[in-house]
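Presented below is the structure to which this report refers.
The values are calculated or read from the model by the stated rules, or taken from the named source; none is laboratory data. Keep in mind that what you see is a predicted model, and the values were worked out from it rather than measured. Here the Cβ positions follow ideal geometry from the backbone for every residue, glycine too, while neighbour counts run over all protein chains shown. Note: areas computed on protein heavy atoms with side chains; ligands, DNA, RNA excluded. Shrake-Rupley method; radii C 1.70, N 1.55, O 1.52, S 1.80 Å.
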Amino acid sequence: MSGRIRVVAAAGLVCLMTAVFWEAAESMGRLGGEGPAVPSMPVYAAAASAPVCLACHGGSAYAGLPTFHGDCTACHSGSDAHLAGPSIMNIGKPEAADCLACHTSSPALMHWEFGPHARGDLSCGDCHVVHGPPVQESRSVADRAMDPVSVSCLGCHQEVQAKLSLPSRHPVREGGLACVSCHDPHGSDGLTQVSRTETCLSCHQTHRGPRAYEHAPVVEDCANCHVPHGSANRSLLELPQPALCLQCHSLADNRHALGAAAGARVSGVALRNCVACHSAIHGSNVDGVLRY
Amino acid sequence: MKRAICFLAIAGLAFGLPGVTQAQVADGTTTGWVTSTATFFDYSKGFGADLTQVLEKYDYRQGLGGDRRTGFLLDITDLRLSRWAGGRQQWLVERQSSSYDNHRGSARFDTDGIRLSAGYGFLRTAASGVNFLYSPNRVQGGTDPGYSGGTVGFFRTFSDDTGETVYRVARTRLGVDATLKPALLKDLGTLTVGYQRTSRSGNRFSPYVLGGGDVQGDADARAQLRWRAYDREVDEAADRGSVRLNLSPRGILNLDYQLSVDRFETKTLEYTLSNVTSGIGFGANPPSFSAGRETLPLNFIPSSTLLTHRVGATKRVGRTAVISGGYAKSVLDQDGFSNREDAAGFDKGRINTDALFLAASARIVPRFGIEGRYGYSSRSNDSQFPVAGFYDPNSNFTAPRLDEMKRTNLRLEGTFYPNMARTSVALGLARESTDRDLTYGIGRGVPAQRSLYGEESQVSSYYLRLAMRPLKGVNLRLRAARYSGDKVGVITDAESGTDVNLSLGYTAPSGVVLNGFFGIRDRSNDGMAFTGGPEPATAKAQKRDAAFKSAGFLTSYAPSERAALTLNYTWAQTDVGTNFFTTNIRRFDQATNVTAIVFSLREAQQTTFATHTLSLGGDVQAADNVTLGASYLLTAVRGDAASGTVGAALPSPDQLLDNTLHGLALSADYRLQGSWLVRGSYYFDYYKDAAFSQLTGGRNTLGLSVVRSF
């Protein structure tokens, strides 16, 4: 099955590339034929359409704001129908592709289409307030220490918001870091996942090694043991000790108090905190059993 | 460069100040506010002033004079000042602080041609201090008087040589970026040069175990002196320089290149067995290290340099097609070596990583699009190997060595956009394969049959993704995936699995927002086994069944522009079951005689716990010059860390998960005449731990702020 899937997938990818290039060739002559017109250069608040629009919308938050987004019809399509019969239903709202028509040189947006937000059918306006500050400001008294970008993210990612309140967490609520410290909301280019640990090690350099004696699952993927947003267990562990370790490890009777003194019983002392002895759990330059 | 940008984003993006709204401003004006705050805080219960409070873990505070139990914080200044010119925010200076131990700030200057950014952040946390509260001497059942002598006798006594210090670590970040914009580069693109420094200082609680022969005396006396802990200094810094060139010639395509050099250096003393035990009272049984043993390093951290190159390209074709690709290569070199490595002649520690991806998507016809992505990454351990007498599979070797790991990801997806309810339906196939080159010990080491770590993982998944807006204001999202593993290499691999994520939201014209979600992530793996003896060898299968479920709702209501209310609740449940095995000898003992080891299935283990998070809050403009705000947060954890024999053996603080955190926040803003505002605030936080009652404690915080807006 695996070989067949590989062949099918490779063939599919080749077909896809062909389709893209075909599409490229075909569409050279119809650039700009869809959606709103693409301005040739940034425009300011005094753009041509603004006075007409502000005749009705002048009392709102759109008036007088210094912005590059002052030419209303550069982003909103359907203005003729809207002028004939003003309704929220007949004025086009910009999709991500409309924004990308101007924001062509932004490195952050190079891989937008392949990120989870684009694939989830979100557009720029779902996070950005185009007519005002780039992100909305927090109003909650409890969120004052948190950066406003994270507040915006957590407005949708409610499960993550809950995890960031658990006893063990990354200090996002305290403002110590933000969602964008680890995540690229505009679409990861995929190059930060060389070993899935690179993002973590960009802050946790202590654990990046190189170590002569590695703990292989650790260097392969931090998420084998840790959950990054928050955990009920200490040290952001997915499971508490010893359950986490015993998934892969057996206990030797002659070293972990099973076959020695005190009636060969399992000792809670040995089980409660494996890293109390194996403190070099992320790797060692000295010891093969990760004690030093 | 991403790190630097992200850091500046953390430090610098619009710090919100409730009650002071963004003014609509004209060119040439300066806007913003400055806030000065006086704060009083007071802790109750807990372990007292000499030890860490749980509430200090992520919110460590020292008042004037260094008082941590009851303290005053004066003149905590926040500000946000900006000047508008040329249709943009030309410069911006911001600072936000919660205490002397948690503050950050940034500055930015922006023109058509250049952007200059700088930022800093400072955060002191006490996670290690909380870990210390769980150290063996502080938990009933943390030591076991029933044990004496032999290889396990050290369970009887734990010698804490640390002096019960308050453990905390401060992280300081500094960063500067300069970006040349297209206007300066003939519209070709952007060039960004950045520098970032991250430093950490403080101390950590660090346990260790002396060898059986490291202490004099009879076996029982020696054993009781072996298990110890020391106070470890933290003093390390990482300096990172980066250059990023992004070109978009005539808008034809985007080309991107990034170069970064990241140097990490630890200045911490190289701790050894002799220097952590010197000056410590061992009584009649002083240390007696065998030759070379006294210089054994403890938790050595190597300094290192990481060099990374990244190139990428994206070509968009109108609004219907895009193709993108990239390649990255990084080399991590070890710069500092332990004395054991030096003595063995080990002088090359190097990790090479490569990554490549290629992706394309196209809207073939207006109602149908396809997308594909291929990714490849590899991690190669190119450190010196083997090293005789130090790291050699024929002698001193234990766990398998991961020489190289190659991972490929493939995803193909088709999306249908029916002309109804802004719907998109995607069906996709994804596959992830991991190949590992492993070296197993020949003499003393864990052979493959005794390890739950395999050379291949291959997991396929099929998924459905649905986004729909069936009615005005209604938003439905569903993702369902089924996983099937042909080969499993780690126990967390999905031999079989299911994901379901469903969310439904409704925004009413009245401003009421209702959202609900449900999610389940189910993973099973019984494809791995320990194989031992006696002959004929029998395989003892490990079996892991893991289910992670969550559900919740979010409501918000803004009855007018002067008031807003929110109510959130989230429940999450973790259920993980595995088998618990014991062996008669260690798995790396006598690797050449596989018949000598016997794996015994002791019992099936179950870990089950649930978390509940409830938050509610609101603010109201009670009068033209008065705004009131309130919020309450409750987080509760309930469950069992283990079941059966293991669960019965664990002390209560480790077996039970039973804690609750309450957080109440109240604020009142009074706007004076002109541009002055006075704010009073009160916070009450209370942590209750039924499994480890000594951790229970609370904190009151009172604040008074004066805000001057411009």
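With the checklist (1) part of a helix (DSSP H, G or I); (2) within 7 Å of chain B (Cβ to nearest Cβ); (3) of a type in the set (S, T, N, Q) in hand, flag the one item A:N254 doesn't pass.
(1)
Out of A:P210, A:P217, A:P240, which single residue is facing another protein chain (nearest Cβ under 8 Å) and assigned to a helix (DSSP H, G or I)? Spell out how you get there, then give the answer.
Values: A:P210 fails: assigned to a helix (DSSP H, G or I); A:P240 fails: assigned to a helix (DSSP H, G or I).
So the residue among A:P210, A:P217, A:P240 that is facing another protein chain (nearest Cβ under 8 Å) and assigned to a helix (DSSP H, G or I) is A:P217.
Out of segment B:671-703, which residues are open to solvent by 70 Å² or more (accessible area, probe 1.4 Å), part of a strand (DSSP E or B) and at pLDDT below 95?
Residues satisfying the conditions are B:R671, B:W676.
Residues in segment B:568-589 that are open to solvent by 30 Å² or more (accessible area, probe 1.4 Å), in a strand (DSSP E or B) and polar (S, T, N, Q): how many? Talk me through it step by step, then tell me what you get.
Taking segment B:568-589 as the starting set, the residues that turn out to be open to solvent by 30 Å² or more (accessible area, probe 1.4 Å) are B:569, B:571, B:573, B:575, B:584, B:586-587.
Checking the rest, the ones that are also in a strand (DSSP E or B) come to B:569, B:571, B:573, B:575.
Filter once more, keeping what is polar (S, T, N, Q): B:573.
Adding up the residues that qualify gives 1.
Of all the residues that make up segment A:163-173, how many are free of Cβ contacts under 8 Å to residues at least 60 places away in the same chain and either more than 7 Å from chain B (Cβ to nearest Cβ) or open to solvent by less than 10 Å² (accessible area, probe 1.4 Å) (or both)?
Our first condition is that a residue be free of Cβ contacts under 8 Å to residues at least 60 places away in the same chain; within segment A:163-173, this holds for A:171-173.
Checking which are either more than 7 Å from chain B (Cβ to nearest Cβ) or open to solvent by less than 10 Å² (accessible area, probe 1.4 Å) (or both) leaves us with A:172-173.
Residues flagged as free of Cβ contacts under 8 Å to residues at least 60 places away in the same chain and either more than 7 Å from chain B (Cβ to nearest Cβ) or open to solvent by less than 10 Å² (accessible area, probe 1.4 Å) (or both) within segment A:163-173 amount to 2.
Here is a list: B:S395, B:S338, B:S383. Which entry is among the hydroxyl-bearing types (S, T, Y), more than 7 Å from chain A (Cβ to nearest Cβ) and open to solvent by less than 60 Å² (accessible area, probe 1.4 Å)? Walk me through how you get there before you give the answer.
Values: B:S338 fails: more than 7 Å from chain A (Cβ to nearest Cβ); B:S383 fails: more than 7 Å from chain A (Cβ to nearest Cβ).
Just a single option satisfies the conditions, and that option is B:S395.
For segment B:96-114, which positions are modelled with pLDDT under 95, open to solvent by 50 Å² or more (accessible area, probe 1.4 Å) and either farther than 18 Å from B:K57 by Cα or more than 30 Å from the chain's Cα centre (by Cα) (or both)?
Answer for segment B:96-114, where residues must be modelled with pLDDT under 95, open to solvent by 50 Å² or more (accessible area, probe 1.4 Å) and either farther than 18 Å from B:K57 by Cα or more than 30 Å from the chain's Cα centre (by Cα) (or both): just B:D112.
For B:G65, which of the numbered conditions (1) in a strand (DSSP E or B); (2) more than 28 Å from the chain's Cα centre (by Cα) fails to hold?
With (1) in a strand (DSSP E or B); (2) more than 28 Å from the chain's Cα centre (by Cα) applied to B:G65, the lone miss is (1).
Give, as residue ranges, the helices (runs of 4 or more DSSP H) completely inside segment A:71-131 that count at least 3 residues that are surrounded by fewer than 19 Cβ atoms within 10 Å (Cβ to Cβ) and among the aliphatic types (A, V, I, L, M).
Details: elements: A:72-75, A:79-84, A:96-102, A:116-119.
Because the criterion is at least 3 residues that are surrounded by fewer than 19 Cβ atoms within 10 Å (Cβ to Cβ) and among the aliphatic types (A, V, I, L, M), the helices (runs of 4 or more DSSP H) in segment A:71-131 that meet it are A:79-84.
Could you list, in sequence order, all residues of segment B:246-261 that are at the interface with chain A (Cβ under 9 Å from one of its Cβ atoms) and under 13 Å from B:R310 (Cβ atoms)? Steps first, please.
The first filter runs over segment B:246-261 and keeps only residues at the interface with chain A (Cβ under 9 Å from one of its Cβ atoms), leaving B:246-248, B:251, B:254, B:256, B:258.
Result: B:N246, B:D256, B:Q258.
Given B:Y271, B:Y208, B:Y257, B:Y230, which one is open to solvent by 60 Å² or more (accessible area, probe 1.4 Å), modelled with pLDDT of 90 or more and of a type in the set (F, W, Y)? Talk me through it step by step, then tell me what you get.
Working: B:Y271 fails: open to solvent by 60 Å² or more (accessible area, probe 1.4 Å); B:Y208 fails: open to solvent by 60 Å² or more (accessible area, probe 1.4 Å); B:Y230 fails: open to solvent by 60 Å² or more (accessible area, probe 1.4 Å).
From the options B:Y271, B:Y208, B:Y257, B:Y230, the qualifying one is B:Y257.
Select, from B:G389, B:G414, the only residue that is more than 25 Å from B:T531 (Cβ to Cβ), more than 8 Å from every other protein chain (Cβ to nearest Cβ) and not in a strand (DSSP E or B). It would help to see each step written out before you state the result.
Values: B:G414 fails: not in a strand (DSSP E or B).
Criteria check complete, one pass: B:G389.
Which condition number does B:D144 fail, the rest of (1) closer than 27 Å to A:R255 by Cα; (2) open to solvent by less than 30 Å² (accessible area, probe 1.4 Å); (3) more than 10 Å from every other protein chain (Cβ to nearest Cβ); (4) among the charged types (D, E, K, R) being met?
(3)
Select from segment B:616-626 the residues that are out of contact with any Lys or Arg (no Cβ under 7 Å at 6 or more places or on another chain) and open to solvent by less than 40 Å² (accessible area, probe 1.4 Å) and list them in ascending order.
Just the residues of segment B:616-626 that are out of contact with any Lys or Arg (no Cβ under 7 Å at 6 or more places or on another chain), to begin with: B:616-618, B:622-624, B:626.
Those that are out of contact with any Lys or Arg (no Cβ under 7 Å at 6 or more places or on another chain) and open to solvent by less than 40 Å² (accessible area, probe 1.4 Å): B:G617, B:G618, B:A623, B:V626.
Filtering segment B:435-459 down to residues that are over 16 Å from B:I491 (Cα atoms) and touching a Leu at 6+ places or on another chain (Cβ under 8 Å), which residue is least open to solvent (accessible area, probe 1.4 Å)? Give the steps one after another, and end with the answer.
Taking segment B:435-459 as the starting set, the residues that turn out to be over 16 Å from B:I491 (Cα atoms) are B:437-447.
If we keep only those that are touching a Leu at 6+ places or on another chain (Cβ under 8 Å) too, we end up with B:437-438.
Working: B:D437: 79, B:L438: 21 Å².
My answer is B:L438.
Here's a check for you: in segment B:157-175, which residue that is open to solvent by less than 70 Å² (accessible area, probe 1.4 Å) and either touching a Cys at 6+ places or on another chain (Cβ under 6 Å) or in a strand (DSSP E or B) (or both) is farthest from B:G48 (Cα to Cα)?
The residue in question is B:G175.
Residues B:L466, B:L514: which one is part of a strand (DSSP E or B), more than 29 Å from the chain's Cα centre (by Cα) and within 19 Å of A:R119 (Cβ to Cβ)?
Working: B:L514 fails: within 19 Å of A:R119 (Cβ to Cβ).
B:L466 is the lone residue from the list that is part of a strand (DSSP E or B), more than 29 Å from the chain's Cα centre (by Cα) and within 19 Å of A:R119 (Cβ to Cβ).
Taking segment B:185-201 as the search range and keeping residues that are touching a residue at least 60 places away in the same chain (Cβ under 8 Å) and surrounded by 20 or more Cβ atoms within 10 Å (Cβ to Cβ), which one is nearest to B:R156 (Cα to Cα)?
So the residue we want is B:Q196.
Does segment B:525-534 contain at least one residue that is assigned to a loop (DSSP other than H, G, I, E, B) and surrounded by 17 or more Cβ atoms within 10 Å (Cβ to Cβ)?
First, the residues of segment B:525-534 that are assigned to a loop (DSSP other than H, G, I, E, B): B:532-534.
Restricting the remaining residues to those that are surrounded by 17 or more Cβ atoms within 10 Å (Cβ to Cβ) gives B:532.
Yes: segment B:525-534 contains one or more residues that are assigned to a loop (DSSP other than H, G, I, E, B) and surrounded by 17 or more Cβ atoms within 10 Å (Cβ to Cβ).
I need the full set of residues from segment B:23-48 which are loosely packed, with under 13 Cβ neighbours inside 10 Å and farther than 28 Å from B:A85 by Cα, in order please.
The answer is B:G48, and nothing else.
Could you tell me which numbered condition B:D640 fails, if it satisfies all but one of (1) within 10 Å of another protein chain (Cβ to nearest Cβ); (2) open to solvent by less than 40 Å² (accessible area, probe 1.4 Å); (3) among the acidic types (D, E)?
Going through (1) within 10 Å of another protein chain (Cβ to nearest Cβ); (2) open to solvent by less than 40 Å² (accessible area, probe 1.4 Å); (3) among the acidic types (D, E) one by one, B:D640 breaks only (2).
Listed residues B:V365, B:V331, B:V317; which is at the interface with chain A (Cβ under 7 Å from one of its Cβ atoms), out of contact with any Pro (no Cβ under 6 Å at 6 or more places or on another chain) and hydrophobic (A, V, I, L, M, F, W, C)? Steps first, answer last, please.
Details: B:V365 fails: at the interface with chain A (Cβ under 7 Å from one of its Cβ atoms); B:V331 fails: at the interface with chain A (Cβ under 7 Å from one of its Cβ atoms).
After applying the criteria, what remains is B:V317.
This table checks each residue for (1) β-branched (V, I, T); (2) within 22 Å of B:N102 (Cα to Cα); (3) out of contact with any Leu (no Cβ under 9 Å at 6 or more places or on another chain).
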position	(1), (2), (3)
A:R208	no, no, no
A:E214	no, no, no
A:D221	no, no, yes
A:H226	no, no, no
A:S235	no, yes, yes
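I'm trying to understand the selection: among the residues of segment B:668-686, which are in contact (Cβ under 8 Å) with a residue 40 or more places away in the chain and closer than 20 Å to B:V620 by Cβ? First the steps, then the outcome.
Residues of segment B:668-686 that are in contact (Cβ under 8 Å) with a residue 40 or more places away in the chain, as a first pass: B:668-672, B:677, B:679, B:685.
Scanning segment B:668-686 gives B:A668, B:D669, B:Y670, B:R671, B:L672, B:L677, B:R679.
Could you look through segment B:119-134, keep only residues that are in contact (Cβ under 8 Å) with a residue 60 or more places away in the chain and touching a strand residue (DSSP E or B) at 6+ places or on another chain (Cβ under 7 Å), and pick out the one that is surrounded by the most Cβ atoms within 10 Å (Cβ to Cβ)?
Top of the filtered list is B:F132.
Checking B:G629 against (1) open to solvent by less than 20 Å² (accessible area, probe 1.4 Å); (2) out of contact with any Phe, Trp or Tyr (no Cβ under 9 Å at 6 or more places or on another chain); (3) closer than 30 Å to A:S250 by Cα, only one condition comes out false. Which one?
Here B:G629 meets the rest and fails (3).
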